[in-house]
Structure formats: structure tokens, C-alpha cells
Amino acid sequence: MGEFFGSSLEIGLEAMIGQDCRMILLDAPSIESNPGVQEIVNLERPETGAYSRKTIASPTATFDSGQDRAEVPGLSATFTVASNQPTLTFNAIALLADTSTWANKLIDSLNAAMNRITLSSHGLSDGDLVSLTADTGGTVPTELVGLLLTVTNATTNDFQLSDEDGVIDFGGTGILPVRVRNCQGRLVYAEQLSAQQILPGESRTITLFPTLGRSTANLTNP
């Protein structure tokens, strides 16, 4: 069983799970203890026709006085792979709250001379949090490796990246393919699984039964 991230019963599951909640699939050899959003998002499956984030309906919590805990109904999402799409593999799941449906996108080019990332109609806004990772064969510019970055000076088709010191001046070490990842929101839940796959033409519904309180056994939904 994975871990719901909350510090006290008074938080309440309804508030903890929050608005704009998405279930995501990960390619994660292991999930570190108490991971951050960036660590989880960097492991998220590439966004393709076969994979996208799934929206979780905002739950309504109830309090079970007998078990001294808060409960919400099962949180479910269905992932479907069309018959003409490749097998979808994953080995972990997570819930992100207060985030959007887009997961990650391959950038079009790295403009080291202007310190700009080019991505047509990217939809990002100044202040959005992102990270960069390389797909097979690619290399993230050295100055941007492993950082939680802030989008700044965004136009329709490109943007710059900044940290607490301002716009980052990156060199020409980057090699495509490089992917920009959406680090907006907060981590609600993460669970390591055995290797999973959804074959072409198949669907898989994943349901979580969260609780928060003194009793951890889920007696209502065994």
C-alpha cells in the first residue's frame, strides 16, 4: 500500500486531496521516502496517445466516529490503450492535486544564444514550475539539470527559465530530445507497484480507498 501525505486528521481527506486532482503513472525503479513533486513528475510516463493524466472527481469526505477517521469514496481512474497504440507499461502510481492535465512535452529547440526554450503553443505562463529531462539520446543543458525551474518571459512559442537568482544563462550542451515537465501542484499519494502493462485494446481501472485517522484498516471497502 502506498502513502497518503497528510500531517493530521484535522486536515481532512477532502481538503488534503484538494481540487484539480490527477492520477498519473510512473516508470519508477523505486520511490524515495517523502518525495517531492519534482521527483515524482520526473518519473511520469511520457505523454503520448497511449498515456495522459486522468482527472479524479473532487471527493466528499465523511467522518467515521467508530474508527476515528476520515473517509472518502474510492478514487478511480481508467486508462485505455487503443488497439493501434503501443503497450503502456508502468510500475508506480501517484495523485497530484492542484495541477493541470498536461504532463510533459518534447521541446522544439534550445536557443542558448537567447536562453530561450522553444515549444510551439506551449500554454505555459510566467510563474509555472517545470523541470527538464532528456529522452533517450538527449542531454539537458548542464545549467538546467535536476532543477525545479520557473517559467519567465513566456511568449506563445517560447520561454525562459529562472531560479532564485534570475534568468538562467545556459550553454550549448543540450541535445534533443529534451522534455519539459509540469511540476505544478502538490503530491497527495504515491505507491510503488510490481511491473504493470496495459496491452493494445485494453483498459485498466485503478481505484484507491483513502483513509486518514487512527484506524488504517479499510473496513468499509475491503
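Can you work out ³J(HN,Hα) from phi for every residue in the stretch 64-77, in order, using Karplus 6.51 cos²θ - 1.76 cosθ + 1.60 and θ = phi - 60°, giving whole Hz and x for Gly and Pro?
My calculation for the stretch 64-77 gives 9, 5, x, 9, 6, 7, 8, 9, 10, x, x, 9, 10, 8 Hz in order.
Mind listing the long-range amide H neighbours of ASP158? Cut-off is under 5 Å, sequence gap 5 or more, other chains count too, H placed in the peptide plane at 1.01 Å from N.
Close amide H contacts, sequence-distant or interchain: LEU119.
Can you tell me the dipole magnitude for the stretch 104-182 around its Cα centre, using point charges on the Cβ only (Lys, Arg +1; Asp, Glu -1), in Debye to the nearest 20?
320
If each residue of separation counts as 0.36 nm, what is the full-extension length gain between THR118 and LEU148 once their alpha-carbon separation is subtracted?
Extra length available between THR118 and LEU148 comes to 9.0 nm.
Over the chain, give the accessible area per residue in Å² for a 1.4 Å probe, as an integer.
48
How large is the dipole of the chain about the Cα centre if only Lys and Arg carry +1 and Asp and Glu carry -1, each at its Cβ, rounded to the nearest 20 debye?
The calculation lands at about 640 debye.
Using each residue's phi in the stretch 162-177, evaluate 6.51 cos²θ - 1.76 cosθ + 1.60 at θ = phi - 60° and report the 3J(HN,Hα) Karplus result to the nearest Hz, with x for Gly and Pro.
Here the 3J(HN,Hα) series is 9, 10, 5, 9, x, 4, 8, 8, 10, x, x, 7, x, 10, 5, x Hz.
At SER76 and ASN111, where each label point lies 7 Å from the Cα along Cα→Cβ, what is the point-to-point distance in nanometres?
The modelled label-to-label distance comes out at 4.8 nm.
Would you work out what percent of the accessible area of the chain, with all protein chains in place, is carbon or sulfur (probe 1.4 Å)?
Roughly 49 percent of what the probe reaches on the chain is carbon or sulfur.
Can you find, among LEU96, GLN19, PRO46, the residue farthest towards the positive end of the dipole of the chain? Put +1 on the C-beta of Lys and Arg, -1 on that of Asp and Glu.
PRO46
Using the Cα atoms as the points, what is the convex hull volume per residue of the chain in Å³?
So the per-residue hull volume is 133 Å³.
The values are calculated or read from the model by the stated rules, or taken from the named source; none is laboratory data. Since the structure is predicted, the reported quantities are computational estimates derived from the model, not experimental observations. Ideal geometry is used to build each Cβ from the backbone, glycine not excepted, and the neighbour counts take in all protein chains shown. Ligands, DNA and RNA are excluded from the accessible area calculation, which covers all protein heavy atoms including side chains. Shrake-Rupley method; radii C 1.70, N 1.55, O 1.52, S 1.80 Å.
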